[in-house]
Amino acid sequence: MPRLMIVDDEPEITAMLKRYFTREGYETVTALTGAEALKKLSSAPDMVLLDVNLPDMDGFAVCRALREHLDCPVLFLTARVEDADKLAGFASGGDDYVLKPFSIDELGARVAAHLRRETRRARAAVVRMDGGLAINYTDRTVTFEGKPLAFAKKEFDIIELLSQNPGQVFDKERIYERVWGLDGTGDASLVAERVRRIRAGLAAAGARPYIQTVWGCGYKWVE
């Protein structure tokens, strides 16, 4: 269940947002001041709805402080409409703006959209293959049954290319262009050697062969 932190100094707005998002299936944490919001960071919200005009500190300052601890989306609620204010909000670490007065349904749709993007990003960061293999495209690491496997940069690039396109056949020339670039100083024969090393590393760890040779055509990733 997604958890929202709602920060607004108007109790009526805070209560209204809490009712709406609770009804929509969210957990909610509320705060009426910036200081109260910072004290509740341990609640680990998945998204923050943050009023810009707070009594003790402005929302931009709160957002900067939040960013020292949280990486979740921050959506500003504000009556400010000047471009300078929007730029200040984005510079402080905000992700989106909703102007007051706002449509509660539009706000709900924006929150849902941001959380969907966060979910997709989290899923894309680590893709787990069957047999215990895990590829983290963000950290550029490969593990098998929790143990790290050492691959050179170009070898990981080949793993990334093939594993993100399972079943698709890539010939050596195409792999070389995608991994080394058009300005590469070698030739496509390097691909076969790198694939051999990848296979050896997987086999040594006990993983099955994920890269299959398609004779006369190239290589493909087999799930």
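The values are calculated or read from the model by the stated rules, or taken from the named source; none is laboratory data. Note that the structure is a prediction, hence the values are computed from the model and not measured. All Cβ positions, even for glycine, are placed from backbone atoms using ideal geometry, and neighbour counts span all protein chains on display. We work out accessible area using only protein heavy atoms, side chains counted, and drop any ligands, DNA or RNA first. Shrake-Rupley method; radii C 1.70, N 1.55, O 1.52, S 1.80 Å.
Values as computed for the structure displayed
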read-out: Among [x] 49; [y] 42; [z] 30, the entry that matches percent of Cα pairs over 28 Å apart as calculated here; value: [x]
read-out: Long pairs among Lys147/Lys172; Lys40/Lys86; Lys154/Lys220, criterion Cα-Cα beyond 24 Å; value: Lys147/Lys172; Lys40/Lys86
read-out: Local net charge near His114, Cβ-Cβ under 10 Å (Lys/Arg +1, Asp/Glu -1); value: -1
read-out: R0 of 45 Å, Cβ-Cβ distance Glu173-Ala15: FRET efficiency to nearest 0.05; value: 0.10
read-out: Rounded FRET efficiency, nearest 0.05, which uses the C-beta distance separating Lys100 from Arg23 and R0 of 22 Å; value: 0.55
read-out: Percent carbon-and-sulfur accessible area, region 45-115, ignoring ligands, DNA and RNA, probe 1.4 Å; value: 52 percent
read-out: Alpha carbon convex hull of region 60-99, volume per residue in cubic angstrom; value: 54 Å³
read-out: For peptides 189-196, 164-171, sequence by mean Cβ density within 10 Å, most packed first; value: 189-196, 164-171
read-out: Per residue, in Å², the accessible surface of the chain once ligands and nucleic acids are set aside, probe 1.4 Å; value: 53 Å²
read-out: Potential lengthening between Trp215 and Glu193 on full extension [0.36 nm per residue; Cα-Cα distance subtracted]; value: 6.3 nm
read-out: Packing-based order for 21-33, 207-219, 50-62, using average beta carbon neighbours within 10 Å, highest first; value: 50-62, 21-33, 207-219
read-out: Charge context of Pro73, other residues only, Cβ under 14 angstrom, K/R +1, D/E -1; value: +2
read-out: Percent accessible area from carbon and sulfur atoms, region 119-223, protein chains only, probe 1.4 Å; value: 51 percent
